[in-house]
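Engineer: Got a structure for you, written out below as structure tokens; questions coming shortly.
The values are calculated or read from the model by the stated rules, or taken from the named source; none is laboratory data. Since we're looking at a predicted model, the values are computed, not measured. A quick note on method: Cβ atoms are made from the backbone with ideal geometry, for glycine too, and the neighbour counts reach across all protein chains shown.
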Amino acid sequence: MRSKPNDVKGAACVFVTAANEKCPFGVRCRFASSHGKLTSARKVDFATNLLDDAMQKRLSKNEYPFKRSDAALAKAELELKCLSFAQKGKLDRKQGFLGPFEPGCVNTRERRKELDFKGKLYVAPLTTVGNLPFRRVCTDLGADITVSEMAMASNLLKGDRKEWALLRRHPSEKCYGIQVCGGYPDLMARCAELIDNEVSCDFIDVNMGCPIDGVCAKGAGSSLMRDTDRLKNVVRTMAAVSSTPVTIKLRMGYFDDPSKYVAHDIIPRAKAWGAFAATLHGRTREQRYSRLADWSYIHRCADVAAKSEFTLIGNGDVYTYEDYNAQVADNKVATCMIGRGAIIKPWLMTEIKEQRHWDISANERLDLFKDFCQYGLEHWGSDSMGVEKTRRYLLEWMSYTHRYVPIGLLEQNVVPKLHLRPMRYVGRSDLETKLASDRLEDWLELSEICGLGKPDASFKFVPKHASNSYTKESADAAASWVDVGEENG
């Protein structure tokens, strides 16, 4: 108790409600002074997809059986590149890891067919910012489909708890996908089988578009688009072992040269390989986020996909309901995956559903931050560590939200596109001006207002993602340490 920071004043514990009278953090809770006082009738719904100790031990010791994957890889006569030393010592290509192949153990599970992306509002997998509390905010505002942050397949198979934490799902996420990243069929087949067996999700999305150097150096992400045979084998083996639909997320190509774009060749074949749907980001790997998305190329690929009755989802630069309407007007693009548009203004989902521009007030925007903090404390905990994690992820989000310019405030409405820096302005209230600030001091003050209390005097914060910056120079300067952060989830 002597070493514990002072309780947060004027805020109540999120866990002590009429439906749940005990706080799991006890005296460690930073809101312990409110324990015993029922302040809410709401129920705390805890996340699923937790990694228990027994499963973590099996994975860390390579004792988890992958019989369907072994059979699929042997049948395809694929080279095994991603096995650990311990796994190679146990493997017999005729016997598998833990015994003989079971007859028909591949493709015998009934595949789920109820998945439908048509016209659904789809929030992109967003590393760091797309955490569970943020996805809950988006769901409250109308999102139909949510996806986990990108998880590295190799870390999931090792039983890495930090990586498994990315897979957690809240009951409010009605259609939920897991996005995984890896570059080789043996690795990805085992990951798909593990998720299919042990994780609650509606689809498995394979990241084939990540531009991060550390990811591409491992043969994953965008580098798969340089080796379409390996890409094909990844999709085929994952689809063969999983009853959960497998989707893929691509960029136009690896190189910033229209003659080297490959998505239009991959998409018409992806259905035959076993993919349920594909998402196409209208940029190349070399472009990263430095140019506007090329929707003319996305629609060209949509024409090809329509001929084979394959679902294609577009991605890139959707910031208003007019942007969304323009891209789905011909019904060939099933829907748009919304990424940074959702980070900057998550009420975009409401605007699309209601077909209007929402002149959201400063107090309404602040309420979204308060909801995030409540969801964050439920997710990361109400002790000191949980409070500071919630604060850090709130600040990561604020490093994008300050770009928003309220409707009608300037002479011309400003669409908050990634590359556009709007002019500075004074809001219609002190709070609206503060929400537009890019100063850490103002963000910390807002975190206090949202119920997280004052941070420690030694608290420091630098946004993790270079893509929150306006200039390419600042993005390049941060690239080396962003790569490490992305890879570690």
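Engineer: State which residue pairs qualify: first residue assigned to a helix (DSSP H, G or I) and inside the range 147-174, second residue of a type in the set (Asp, Glu) and at pLDDT below 95 in any location, beta carbons under 9 Å apart, and separation of 6 or more residues or different chains.
Structural biologist: Filtered contacts from the range 147-174: Asn155/Glu487.
Engineer: What pairs come out if I take residues in the range 247-272 that are assigned by TED's automatic domain parsing to the domain that holds Trp295 and pair them with residues that are buried (at least 16 other Cβ atoms within 10 Å of the Cβ) and among the aromatic types (Phe, Trp, Tyr) whose C-beta lies under 6 Å away, six or more apart or interchain?
Structural biologist: Thr247/Phe203; Thr247/Phe276; Met252/Tyr261; Met252/Tyr297; Gly253/Tyr261; Lys271/Phe310
Engineer: Given Ser33, Ser40, Ser3, which one is among the hydroxyl-bearing types (Ser, Thr, Tyr), over 30 Å from Leu157 (Cβ atoms), modelled with pLDDT of 75 or more and not in a helix (DSSP H, G or I)? Reasoning before the result, please.
Structural biologist: On the way: Ser33 fails: not in a helix (DSSP H, G or I); Ser40 fails: modelled with pLDDT of 75 or more.
Step by step, each of Ser33, Ser40, Ser3 is checked, and only Ser3 is among the hydroxyl-bearing types (Ser, Thr, Tyr), over 30 Å from Leu157 (Cβ atoms), modelled with pLDDT of 75 or more and not in a helix (DSSP H, G or I).
Engineer: Same structure, new question: How many residues are in contact (Cβ under 8 Å) with a residue 12 or more places away in the chain and part of a helix (DSSP H, G or I) if we restrict to the range 381-393? Walk me through how you get there before you give the answer.
Structural biologist: Of all residues in the range 381-393, those in contact (Cβ under 8 Å) with a residue 12 or more places away in the chain come to 381-384, 386-393.
Now narrow it down to the ones that are part of a helix (DSSP H, G or I): 384, 386-393.
Within the range 381-393, residues that are in contact (Cβ under 8 Å) with a residue 12 or more places away in the chain and part of a helix (DSSP H, G or I) number 9.
Engineer: Give the range 275-319 a look and list any residue that's surrounded by fewer than 22 Cβ atoms within 10 Å (Cβ to Cβ), closer than 21 Å to Ser223 by Cα and modelled with pLDDT of 95 or more, or say none.
Structural biologist: Passing the criteria: only Tyr297.
Engineer: Could you list, in sequence order, all residues of the range 413-441 that are modelled with pLDDT of 80 or more and within 27 Å of the chain's Cα centre (by Cα)?
Structural biologist: Leu435, Ala436, Ser437, Asp438, Arg439, Leu440
Engineer: Just a yes or no: is a residue in the range 282-290 within 26 Å of Leu115 (Cα to Cα) and in contact (Cβ under 8 Å) with a residue 40 or more places away in the chain? So that I can check it myself, show each step before the final result.
Structural biologist: Narrowing the range 282-290 to residues within 26 Å of Leu115 (Cα to Cα): 282.
Still in the running and in contact (Cβ under 8 Å) with a residue 40 or more places away in the chain: none.
For the range 282-290, residues within 26 Å of Leu115 (Cα to Cα) and in contact (Cβ under 8 Å) with a residue 40 or more places away in the chain: absent.
Engineer: Give me the helices (runs of 4 or more DSSP H) completely within the range 51-109, filtered to those with at least 1 residues that are closer than 12 Å to Asp186 by Cβ and at pLDDT 50 or above, ordered by residue number.
Structural biologist: Because the criterion is at least 1 residues that are closer than 12 Å to Asp186 by Cβ and at pLDDT 50 or above, the helices (runs of 4 or more DSSP H) in the range 51-109 that meet it are 67-76, 85-90.
Engineer: Could you go through the range 397-412 and let me know if any residue there is closer than 30 Å to Val16 by Cα and either modelled with pLDDT of 90 or more or over 27 Å from the mean Cα position of the chain (by Cα) (or both).
Structural biologist: Step one: filter the range 397-412 for residues closer than 30 Å to Val16 by Cα, giving 397-398.
Then drop every residue that is not either modelled with pLDDT of 90 or more or over 27 Å from the mean Cα position of the chain (by Cα) (or both), which leaves 397-398.
Yes: one or more hits.
Engineer: Checking the conditions here, which among Asn233, Asn197 is more than 18 Å from the chain's Cα centre (by Cα), surrounded by 21 or more Cβ atoms within 10 Å (Cβ to Cβ) and on the phi < 0 side of the Ramachandran plot?
Structural biologist: Working: Asn197 fails: surrounded by 21 or more Cβ atoms within 10 Å (Cβ to Cβ).
After ruling out the rest, the residue left standing is Asn233.
Engineer: Inspect the range 184-196 for any residue being touching an Asp or Glu at 6+ places or on another chain (Cβ under 6 Å) and not in a strand (DSSP E or B) and give the result as yes or no. Reasoning before the result, please.
Structural biologist: So the first thing to find is which residues in the range 184-196 are touching an Asp or Glu at 6+ places or on another chain (Cβ under 6 Å), and the list is none.
Looking for residues that are touching an Asp or Glu at 6+ places or on another chain (Cβ under 6 Å) and not in a strand (DSSP E or B), one finds none in the range 184-196, hence no.
Engineer: On to the next question. With the checklist (1) outside any loop (DSSP other than H, G, I, E, B); (2) touching a residue at least 12 places away in the same chain (Cβ under 8 Å) in hand, flag the one item Phe46 doesn't pass.
Structural biologist: (1)
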